[in-house]
Amino acid sequence: MPRLAYVNGRFLPHRGAQVHIEDRGYQFADGVYEVVPVAHGRLVDEELHLDRLERSLRELRIPMPMKREALKLVSHELARRNGLTYGFVYMQVTRGVAPRDHKFPKSVRPALVMTTRQMKPAGEKTLAEGIRVITVPDIRWKRRDIKSTSLLPNCLAKQQAYEAGAAEAWLVDDDGTVTEGSSTNAWIVTRDGRIVTRKATQDILNGITRQVLVKVAEEEGLTLEERPFTVAEAYDAKEAFLTSSTNFVMPITRIDERSVGNGHPGEITGKLRRAYIATFAPDGGVR
Ligand code: PMP
């Protein structure tokens, strides 16, 4: 069975699936996207992802391409037809196809593309060792709360991390505070055990994993501070980790050239990862 994609109303073989050359997503990055994790064949936190999709679209004045219930049917059907057990569904909505002109076209229908990707859960070794991040200047626009497909600064930062042998880049604003990672949210645990992550303003994307983990931390009785933290504070932290739909909660053991805490994944990080995973896989099967 070939892997399928959903493109503007049709399920097509992923290989060779195409969009129009005047799609505004292609020409202007005039669109938004979502990555919905799939575990045990089920979409995780689907409603929260659709809430964020609707919000991103509203902020850019792009209509929903179809009703929310229909979007759900399509994504479930695509996951089912692709036999997706573990991985993610990618959805992208652009303003549509129109002759190239910066202004919004008058009558245009939003374009919708969905794909799926089967993935392996994070490896034993990565979880045991933690990952390294580097810090780079945040050169993005001022509406990072919109999940726009305009990801060039994020791609440049991730590539810089890759070339430095690191897994992620933490983006640093002009005032020396960390905003978030190139495709993840950033967290530290202070020496006295307080969890710190930036507040969800227009400065960052309000990660769904972040939203759920804020609740999980409260339920676990941990102290959480939603505020910016500096690179210096991160160097001095006891623990550090990142969150995203494909990483869940991932321990960070090196920031730039420095070890975090004792150089091993932290206790609170491990506790949060387990508690987060338990929100969607209470029977285990995912580490
Ligand atoms: N920040 C940015 C810039 C991202 O691209 C992502 C992932 N899409 C996140 C944070 C994490 O968001 P989520 O937990 O919804 O995957």
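Which lysines have a Cα less than 24 Å from the Cα of LYS106, not counting those fewer than 8 places away in the same chain? The reachable lysines, counting only those whose Cα sits under 24 Å from LYS106, are LYS67, LYS147. Across the chain, C-alpha contacts under 8 Å between residues 6 or more apart give a mean separation that, scaled by the residue count, equals a relative contact order of 17 percent. Among the trypsin sites (Lys or Arg not before Pro) in the range 156-216, those placed in a DSSP loop whose Cβ has at most 12 other Cβ atoms within 10 Å are ARG191, LYS199.
A simple spin-label model places pseudo-atoms 7 Å from Cα toward Cβ; at ALA281 and GLN202 they are separated by 3.8 nm. For the range 242-287, the Cβ-based charge dipole about the Cα centre amounts to some 80 debye (Lys, Arg positive; Asp, Glu negative; other atoms uncharged). Just name one of VAL38, THR116, PHE28: the one whose Cα is farthest towards the positive end of the charge dipole of the range 4-118 (beta-carbon charges, Lys/Arg +1, Asp/Glu -1). Towards the positive end, the residue furthest out is PHE28. Ranking LEU84, ALA275, ALA240 by how far each Cα lies toward the positive end of the dipole of the chain (charges on Cβ) leaves LEU84 at the top. When the chain is treated as a GNM with alpha-carbon contacts under 10 Å, the residue of ASP138, ASP203, ASP192 showing the greatest mean-square fluctuation is ASP192. For the peptides 178-188, 235-245, 216-226, the ranking by packing is 178-188, 235-245, 216-226, with the highest mean count of neighbouring Cβ atoms within 10 Å listed first.
Helix 46-59 and the longest principal axis of the C-alpha atoms of the chain enclose an angle of approximately 70°. Each Lys and Arg contributes +1 and each Asp and Glu -1, all at the Cβ; summed about the Cα centre of the chain, the dipole is approximately 1220 debye.
With the cut-off at 1.5 for a/c, could you classify the range 124-278 from its C-alpha gyration tensor as rounded, prolate or oblate? Rounded, because the longest to shortest axis ratio a/c is under 1.5.
Across the range 112-244, C-alpha contacts under 8 Å between residues 6 or more apart give a mean separation that, scaled by the residue count, equals a relative contact order of 25 percent. Heavy-atom accessible surface of ARG227, to the nearest 10 Å², is about 70 Å², with a 1.4 Å probe and all protein chains retained. Using a probe of 1.4 Å, the accessible surface attributed to PHE104 totals some 100 Å² when neighbouring protein chains are kept in position. Both numbers refer to the Cα atoms of the range 4-118; Rg and Dmax are 14.0, 44 Å. The charge dipole of the range 124-278, taken about its Cα centre with unit charges on the Cβ atoms of Lys, Arg (+1), Asp and Glu (-1) only, comes to about 380 debye.
The values are calculated or read from the model by the stated rules, or taken from the named source; none is laboratory data. Computed from a predicted structure; not experimentally measured. Counting neighbours? That spans all protein chains shown, and the Cβs are built from the backbone with ideal geometry, glycine included. With ligands, DNA and RNA removed, areas are computed over all heavy atoms of the protein, side chains included. Shrake-Rupley method; radii C 1.70, N 1.55, O 1.52, S 1.80 Å.
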